[in-house]
1. If you go through segment 230-252 one residue at a time, how many are among the charged types (D, E, K, R) and part of a loop (DSSP other than H, G, I, E, B)?
2. Out of the residues in segment 76-99 that are at pLDDT 95 or above and not hydrophobic (A, V, I, L, M, F, W, C), state the one that is surrounded by the fewest Cβ atoms within 10 Å (Cβ to Cβ).
3. Taking the condition within 15 Å of the chain's Cα centre (by Cα) and closer than 17 Å to Arg84 by Cβ, does Ser112 pass?
4. So which of Arg225, Arg246 ends up being buried (at least 20 other Cβ atoms within 10 Å of the Cβ), among the basic types (Lys, Arg) and modelled with pLDDT of 90 or more?
5. Here is a list of conditions, (1) at positive phi; (2) within 20 Å of the chain's Cα centre (by Cα); (3) among the hydroxyl-bearing types (Ser, Thr, Tyr), and Thr152 meets all of them except one; can you say which number that is?
6. Among the residues of segment 126-143, which ones are of a type in the set (Ser, Thr, Tyr) and not in a loop (DSSP other than H, G, I, E, B)?
7. When segment 136-163 is examined, which residues are found to be in contact with a Phe, Trp or Tyr (Cβ under 7 Å, 6 or more places away or on another chain) and more than 25 Å from Asp245 (Cα to Cα)?
8. Can you tell me which residues in segment 203-225 are among the basic types (Lys, Arg) and under 16 Å from Gly66 (Cβ atoms)?
Amino acid sequence: MRKNTLNSLLILSLLFVAAGCKTKKTIVKAPPVAVTPAPVAANKKLENLKLLKSRDLPFTTLSLKGKVNLEIDGKENGVSVNIRVKKDEMIWISMTAIAGIEVARALITPDSLIVRNNLQSVAIKKPFSYIYKFTSKQVTFKMLQSVLSGNTIDDLMNETSALDLNAGVFTLSGSKTDLGYRVLFNTLMKTTELNLNDVKAGQALKVVYSDYQDVTGALFPSVTRINSVSGKKKTNIAFDFSKIDRNVPLDFPFTVPKRFELIN
């Protein structure tokens with residue numbers, strides 16, 4: 001029972017996002033698509049990749065608050081989550097239930113993963129590779145960070161990928177070892193859909209981004225939908241961000257109290 005609960009919390013931690021009160025959003029609308037399709041010239045691919053990359057949200061720290069609805073194998077739960085990111089170093093997550101009670105906390109680094117279940121006073125501490133139970137072995141900490149922020153994934157933004165432009169919309173596709181990928185961009189040149197598939201491992205991840213907001217001069221998706229399949233396990237997550245801040249001072253408090261049982 002404890003293991004199943006922790007696994008559910010872990011999936012939520014890995015697939016993220018944020019807590020807080022609902023606020024009115026100012027959405028940046030994407031311009032209409034071009035009427036006439038215009039294929040990308042082969043010698044412009046690198047230039048176009050750099051253009052898409054330039055639309056990423058730059059940050060040293062990232063603070064996200066909102067609501068998330070999680071469905072795992074047909075069982076649905078809604079919680080609030082507070083996420084703090086220190087670029088390339090750590091992702092800190094605090095999950096809160098009704099009445100403001102923190103039910104779990106997680107800390108992800110490029111090397112390790114710690115999840116604390118406050119309701120059952122248990123915790124797990126694993127190497128980063130533990131996430132491969134839920135996703136492809138090609139996924140790295142930086143890739144996870146990019147998925148969370150809605151930014152492009154560095155490992156995919158290279159000249160070995162196919163890049164097409166149709167009616168003003170770019171599509172990036174290709175494969176990296178056993179991982180196939182397809183990324184769709186809107187006319188703001190921001191990601192609208194990310195697909196990662198590891199057929200050999202029976203794992204697939206689809207992320208849909210929408211409702212982009214201006215965050216001090218750069219765009220961030222305030223609505224994210226994630227569909228994950230790993231073997232027979234299916235997970236659907238819907239995020240609605242209410243507060244997004246970047247480059248603000250943040251703390252990343254994390255301890256495992258002595259009364260907690262460390263389990264495998």
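1. 2
2. The initial filter retains those residues of segment 76-99 that are at pLDDT 95 or above, namely 84-92.
Restricting the remaining residues to those that are not hydrophobic (A, V, I, L, M, F, W, C) gives 84, 86-89.
Values: Arg84: 22, Lys86: 16, Lys87: 16, Asp88: 11, Glu89: 13.
Checked segment 76-99; the qualifying residue surrounded by the fewest Cβ atoms within 10 Å (Cβ to Cβ) is Asp88.
3. Details: within 15 Å of the chain's Cα centre (by Cα): no; closer than 17 Å to Arg84 by Cβ: yes.
Against the criterion (within 15 Å of the chain's Cα centre (by Cα) and closer than 17 Å to Arg84 by Cβ), Ser112 does not qualify.
4. Details: Arg225 fails: buried (at least 20 other Cβ atoms within 10 Å of the Cβ).
Step by step, each of Arg225, Arg246 is checked, and only Arg246 is buried (at least 20 other Cβ atoms within 10 Å of the Cβ), among the basic types (Lys, Arg) and modelled with pLDDT of 90 or more.
5. With respect to (1) at positive phi; (2) within 20 Å of the chain's Cα centre (by Cα); (3) among the hydroxyl-bearing types (Ser, Thr, Tyr), Thr152 is out only on (1).
6. So the first thing to find is which residues in segment 126-143 are of a type in the set (Ser, Thr, Tyr), and the list is 129-130, 132, 135-136, 140.
Within segment 126-143, Ser129, Tyr130, Tyr132 meet the criteria.
7. Passing the criteria: Leu156, Leu163.
8. Arg225
The values are calculated or read from the model by the stated rules, or taken from the named source; none is laboratory data. What you are looking at is a predicted structure, and each value in this text was computed from that prediction instead of being measured. Cβ sites come from the backbone with ideal geometry, for glycine too, and all protein chains shown count toward neighbours.
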